[in-house]
Amino acid sequence: MARLGKKQEFKRNFGFLSTLGFVSIYMATWEFVLVSLSAGLINGGLAGLFWMFIGTVTCYSTIVASLAEMESMAPTSGGQYHWTSEFAPVQYQKWLSYASGWMSTLGWLASVSSSTFVVTTLVEAMIDITEPDFAFPNWQYTLIMLAFLVLTIFLNTWGARSLPMLETVSLFAHLGGWVVTFVALWVMCPRNSASDVFLNVVNNGGWSNVGTSCLISQVTVIYCNLGSDSIVHISEEVEDASLVVPRCMWWSYIVNVLLGILMLITMLFGIGSLDSALDSTAPYLNLFTNTGSTGMALFLSILLFLLIFSGNITALATCSRELWAFSRDKGFPCSRWISRMNHKQNVPFNSVYLTSVLSAVLCLINMGSTLAFNIIVSLSLLGILSTYMLSIGCLLLKRLKHEPLPHARWSLGRFGLPINIFAFFYCGFVIVFACFPVAVPVALDTANWAPLVWVAVIVLSVVVYFVHGRQNYTPPVEFVEGRREAGKGLQ
C-alpha cells in the first residue's frame with residue numbers, strides 16, 4: 001500500500017481459505033455449467049458445446065495468468081483501471097485508466113444483475129418440477145430479482161463482519177455440492193451415446209456455417225468461467241495480498257475448470273435428446289428430472305440455488321469495492337459520498353447501496369426482452385473484457401519496449417510476453433462475438449442490445465470525463481512510489 005500511495009482503510013480479515021472461497025463461489029463454474037451453459041446448446045449442440053468449452057478455457061487461461069501477474073505487481077482494489085494507469089504511456093494513462101474504470105464498473109454491475117437473474121430462474125425451476133406449466137410473468141420475475149438484491153445488500157452491510165467465514169463455508173459447500181450432484185446424476189440418469197456427446201456438432205442458430213455457430217457459444221462458456229479477478233477488488237482486505245490473491249486466482253481457475261469439464265460431460269450424457277433440451281425453457285431441468293425422482297430433482301435445484309446465491313453476495317461485494325476504489329480517485333461525480341467508509345463495519349455502505357440501485361436498473365431489461373439474460377451476459381463480457389484488453393495491452397507495451405516493471409512475487413517470467421500477446425488478441429476476438437445475437441434472423445425482442453448499451457456507456461464516460469473527470473480525476477499512478485510528486489502524501 002505504501003508503494004501504491006494508498007492509506008490502509010480496510011481491515012485485512014481475509015486469509016487464504018476465505019479468499020479462495022470468495023473467488024471459487026463467485027466463479028461457480030460447475031454450477032453455471034448446469035444453469036446457464038445449456039443455453040449454448042442451440043449453437044453447436046452437445047458435441048459443439050463440449051469442444052468449444054475445452055478450447056475456450058484453454059485460451060482464456062492466458063487472460064487469467066496475465067491478470068494474476070499484474071495483481072501481484074499492484075494488489076489494489078482498483079484492479080484493471082489502476083494497472084492501466086500505472087503501465088500506460090504517460091500521455092495516455094489518464095484517459096485510458098478513466099475509460100477502464102467506467103467499463104469495469106459496467107461489467108461488474110451487469111455481472112451482479114446476471115447472477116440475480118440466474119437465482120430467480122432457479123426459483124421458477126423449483127416450482128416447474130411439480131407444476132410444469134408454471135411461469136412467472138415478466139413483472140413478477142423482475143420483482144423477485146429486486147428482492148434478492150435487497151437481501152444481498154443486507155449481507156454486504158450489516159452482515160459484512162461474517163463475510164470471510166461465509167466465504168470459507170461456501171468453499172467447502174462448492175466442493176461438496178459438486179460431489180453430491182456428480183454422483184447423483186451419473187447413478188440415476190439414462191445416458192446419451194458417446195457419439196452424440198463428442199462427435200455430433202449441429203447448427204441450430206440459423207448461421208451460415210457450423211464454425212460461426214460454435215464460436216457464438218464461447219460467450220456462454222466464458223461467462224461460466226468468468227470472475228477470477230473478483231478477488232482483485234478485495235485486495236486491500238486480504239493478508240499478504242501480493243502472493244495470496246494471484247495464487248487464489250490461478251488455482252481457483254484450474255480447479256473450477258476441471259470440475260466444470262467433468263460436470264459438462266455429466267450434463268451432456270444425462271440431459272436427454274438435444275431436441276427436448278432445446279424445447280425446454282430450462283434445459284437443466286431435463287437433466288434433473290431424468291433422474292426419475294421428483295425429490296432428487298428438487299434437492300439438486302435447491303442446492304444450486306443456495307450455492308449461486310452465495311455467489312451473488314460475493315458479486316455485490318466485488319462490484320461495490322471497485323466502485324469505491326474508482327470513487328477514491330474521483331472517477332465519478334459525487335465521488336466523496338460514494339467513497340465514504342464505515343470503519344466500524346469495515347464496509348463502504350454508500351458504494352454498496354449505489355451498486356445495488358444501478359444493478360436493479362439493469363434488471364429492468366427483463367421487462368422488455370425475452371432474451372434479457374443473454375443481453376446482460378454479453379454486457380458483462382463487453383465491459384470486463386474491454387478492461388482486460390486495456391490493462392494487458394499496456395503491460396504488453398511495456399514488455400515490448402523493455403521498460404522496467406514492478407516486482408511480482410507471482411511472475412510469468414520469460415513466458416510473460418507470449419502469454420500477454422495471446423491474451424490481448426483473444427480479448428478482442430471474444431469481444432467481437434459478444435456482440436452477436438444468439439440466433440438469426442433477428443427481431444426487436446431477440447436482438448442483442450448489449451453493444452448499444454456498451455457504446456452508450458462509453459459515450460457517457462467521454463462526456464463525464466470532459467465535464468468532471470478531466471479536472472477532478474486523479475489517476476492512481478500519481479500516488480505510486482517513484483512517480484509521486486515530492487511532498488504529496490498517501491491517498
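If you sort the three axes of the alpha carbon gyration tensor as a ≥ b ≥ c, you get a/c of 1.5 or more for the range 178-272 and a/b no higher than b/c, which makes it oblate.
Please report the carbon-and-sulfur percent of the accessible area for the chain; probe 1.4 Å, protein heavy atoms only, DNA, RNA and ligands left out. Looking at the chain in its full context, I get 68 percent from C and S. Measuring nothing but how far apart in sequence close Cα pairs (under 8 Å, 6+ apart) lie, relative to its length, the chain scores a relative contact order of 35 percent. Within the assembled protein chains, the solvent-accessible surface assigned to Leu143 is about 100 Å², based on a 1.4 Å probe. For Ser273, the solvent-accessible surface with a 1.4 Å probe is about 60 Å², rounded to the nearest 10.
Remark: spin-label model distance Val179-Phe466 equals 6.0 nm, labels positioned 7 Å along the Cα→Cβ axis.
Hydrophobic, long helices, defined as DSSP H runs whose alpha-carbon span along the helix axis is 30 Å or greater and whose mean Kyte-Doolittle value is at least 0.5, occur in the chain at 45-73, 93-130, 163-188, 241-270, 294-328, 372-400.
Protein-only accessible surface at a 1.4 angstrom probe places the residues Lys6, Lys398, Lys344, Lys94 in the order Lys344, Lys94, Lys398, Lys6, largest first.
Per residue, the range 362-420 exposes 42 Å² of accessible surface when a 1.4 Å probe is rolled over the protein heavy atoms with every protein chain present. Extension gain, Lys344-Thr294: 0.36 nm per intervening residue step, less the Cα-Cα distance, totals 13.3 nm. Once the convex hull of all Cα atoms in the chain is built, its volume per residue stands at 135 Å³.
Helix content alone sets the calculated 222 nm mean residue ellipticity of the chain: runs of n ≥ 4 DSSP H residues at -39500 (n - 2.57) each, divided across all residues, give -22000 deg cm²/dmol. Can you spot the lysines whose alpha carbon is less than 25 Å from Lys344's alpha carbon? Ignore those fewer than 8 places along the same chain. Lys344 reaches Lys6, Lys7, Lys11, Lys330. Across the alpha-carbon atoms of the range 40-85, the computed radius of gyration and Dmax are 15.8, 43 angstrom.
In the context of the full set of protein chains, residues of the range 157-282 present 38 Å² of accessible surface per residue (probe radius 1.4 Å, heavy atoms only).
Which shape class applies to the range 105-166: rounded if a/c is under 1.5, otherwise prolate when a/b exceeds b/c and oblate if not, where a ≥ b ≥ c are the square roots of the Cα gyration tensor eigenvalues? It comes out prolate by the Cα gyration axes.
I need the shape label for the range 384-491. Rule: rounded when a/c is under 1.5, else prolate if a/b > b/c, else oblate, with a, b, c from the alpha carbon gyration tensor. Cα axes put the range 384-491 in the oblate bin. Over the range 324-442, Cα pairs under 8 Å with separation of 6+ residues give a relative contact order of 19 percent. What stretch of the chain, leaving out the sites themselves, is the longest with no GluC sites (Glu not before Pro) in a DSSP loop having at most 14 other Cβ atoms within 10 Å? In the chain, the maximal stretch lacking such sites is 240-480.
The values are calculated or read from the model by the stated rules, or taken from the named source; none is laboratory data. In this text the structure is predicted, and so the values were computed from the model without any measurement. No Cβ is skipped: glycine too gets one built from the backbone with ideal geometry, and neighbour counts run over all protein chains shown. Accessible surface areas use protein heavy atoms only, side chains included; no ligands, DNA or RNA. Shrake-Rupley method; radii C 1.70, N 1.55, O 1.52, S 1.80 Å.
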